[in-house]
Amino acid sequence: MDFPVYLSLGPLQLHPHPVLEAIAFGASFTIARRLGRYRGTNDTVNPAQRLLVYTGALFGALIGAKGLVLLQHWPDFQQQGFSWELLLRGKTIVGAMLGGWAMVELVKKLVGIKVSTGDRFIFPLLVGTAIGRVGCFLTGLEDKTYGVATSLPWGIDFGDGVMRHPTQLYEIVFLGLFAWLLRRLVQQGLLSGQLFKLYFLGYLGFRFVIDFLKPDPHFLGGLSAIQVSCLMGSSLLFFLLFRSNSPLKT
């Protein structure tokens, strides 16, 4: 397999990353709308408030995704100079998640929303992230989401002659298993109103571990900027989850 793996559409050869990213956004949006209609979630939140929450989430995700890219590649910027291309092209899911979450909580505080608004977005996020990681995998070295060298039999050569951990595929497998677990909790009526926090906690924990297999700069006490962000976010989520007085069953 030669990377990047271009997708054929008639005479066109399309780069996999923007195509899969667009599909991921479309799938996430469609699932979120259907879940909202079917389950009647957030009925106490009026349309104007909901629009403000969505706008805040998008704005916060953009700031978080770009801001964490800046921190993640700070050693590169110091050595090679600032790169607008890297900043504009680069983005990280962890930064987007944390930035979006922070902005949503701020918006809810400002407009007086006191109910949980996040549970309905768990499965759209899971599906969208998994589809996006397919695009990352097919992109190969350009995407910089590959792993370090490995001698394991499932290592993949992304084009530089080095057999590497396919960390994108590891994440897709994790997301599938995590979706199954969260679905079981939903079916049993467990942790209603807290599932979004559990999703964040699980994903941040996974990223903290898997990023040891990525050749990113680990300049913060042996950790990358993404891993430090995962630790900080997880610590806050642990506090919020165990402080909650919500019963396990609804």
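The values are calculated or read from the model by the stated rules, or taken from the named source; none is laboratory data. The shown structure was predicted, so the numbers you read here are calculated from the model rather than taken from an experiment. We place every Cβ from the backbone using ideal geometry, glycine too, and count neighbours over all the protein chains shown.
Would segment 134-141 turn up any residue that is crowded, with 18+ Cβ neighbours inside 10 Å and on the phi > 0 side of the Ramachandran plot?
Checked against the condition, which is being crowded, with 18+ Cβ neighbours inside 10 Å and on the phi > 0 side of the Ramachandran plot, segment 134-141 yields at least one hit.
Residues checked against (1) under 30 Å from LEU220 (Cα atoms); (2) in contact with a helix residue (DSSP H, G or I) (Cβ under 7 Å, 6 or more places away or on another chain); (3) modelled with pLDDT of 85 or more:
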{"residue": "GLY10", "(1), (2), (3)": "no, no, yes"}
{"residue": "HIS15", "(1), (2), (3)": "no, no, yes"}
{"residue": "PRO18", "(1), (2), (3)": "no, no, yes"}
{"residue": "ASP43", "(1), (2), (3)": "no, no, no"}
{"residue": "ALA61", "(1), (2), (3)": "yes, yes, yes"}
{"residue": "ALA65", "(1), (2), (3)": "yes, yes, yes"}
{"residue": "LEU70", "(1), (2), (3)": "yes, yes, no"}
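Pairs, please: C-beta under 8 Å, at least 6 apart or cross-chain, first residue at pLDDT below 90 and in segment 120-139, second outside any helix (DSSP H, G or I)?
Pairs found: ARG120/THR41; ARG120/ASN42.
Pull out all pairs, ordered by first then second residue, where Cβ-Cβ is under 6 Å, the residues are six or more apart or on different chains, the first lies in segment 201-229 and is over 20 Å from ALA96 (Cα atoms), and the second is small (Gly, Ala, Ser) and exposed (fewer than 15 other Cβ atoms within 10 Å of the Cβ).
That search, which allows pairs on different chains as well, returns nothing.
Among PHE200, PHE196, PHE212, which is crowded, with 18+ Cβ neighbours inside 10 Å and under 30 Å from LEU141 (Cα atoms)?
Numbers: PHE196 fails: under 30 Å from LEU141 (Cα atoms); PHE212 fails: crowded, with 18+ Cβ neighbours inside 10 Å.
Step by step, each of PHE200, PHE196, PHE212 is checked, and only PHE200 is crowded, with 18+ Cβ neighbours inside 10 Å and under 30 Å from LEU141 (Cα atoms).
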